[in-house]
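A short worksheet on the structure shown next.
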Amino acid sequence: MSNEVADLLTALHDGTLSLTEVAERFRTRSWPGQPAPRGQTHLDLAEADLRDPEPYIPGSYDDVALAYDQGKLTDTQYAVLAEAIAESIRAHNEDD
């Protein structure tokens, strides 16, 4: 099943879109929120993640991490896109 983030990453990988174009799209889109932490301490959180990692969320940062892990993004591309996602999330949080 296709999603906007995966489509943009494919276009970047294929050369259909530039890194600048994809980063700009990432900055202007809304990103899925993260579930609330299930523990109180860092140790509790780490243990919970080992027992039950968060599910893959299509159309989220998970797609960017997956593309990087698969070698479809360079270190530089990953850094630019991760920062674009962070900028978008910060901007949306300021609006709330």
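The values are calculated or read from the model by the stated rules, or taken from the named source; none is laboratory data. All figures in this text were calculated on a predicted structure; none of them were measured in a lab. All Cβ positions, glycine included, derive from the backbone under ideal geometry; neighbour counts span all protein chains shown.
Residue pairs whose Cβ atoms lie under 7 Å apart, sitting 6 or more positions apart in sequence or on different chains, and linking a residue in segment 4-30 that is over 19 Å from Ile89 (Cα atoms) and aliphatic (A, V, I, L, M) to a partner that is at pLDDT 95 or above and not in a helix (DSSP H, G or I), are Ala11/Leu17.
A count restricted to segment 59-96 and to residues that are touching a Pro at 6+ places or on another chain (Cβ under 9 Å) and in a loop (DSSP other than H, G, I, E, B) stands at 2.
If you check Leu8, Leu12, Leu17, Leu43, which single one turns out to be at pLDDT 75 or above and either on the phi > 0 side of the Ramachandran plot or not in a helix (DSSP H, G or I) (or both)? Talk me through it step by step, then tell me what you get.
Numbers: Leu8 fails: either on the phi > 0 side of the Ramachandran plot or not in a helix (DSSP H, G or I) (or both); Leu12 fails: either on the phi > 0 side of the Ramachandran plot or not in a helix (DSSP H, G or I) (or both); Leu43 fails: either on the phi > 0 side of the Ramachandran plot or not in a helix (DSSP H, G or I) (or both).
So the residue among Leu8, Leu12, Leu17, Leu43 that is at pLDDT 75 or above and either on the phi > 0 side of the Ramachandran plot or not in a helix (DSSP H, G or I) (or both) is Leu17.
Given the conditions (1) of a type in the set (Ser, Thr, Tyr); (2) part of a loop (DSSP other than H, G, I, E, B); (3) at pLDDT 95 or above, which single one is not true for Ser2? Result: Ser2 fails condition (3) only.
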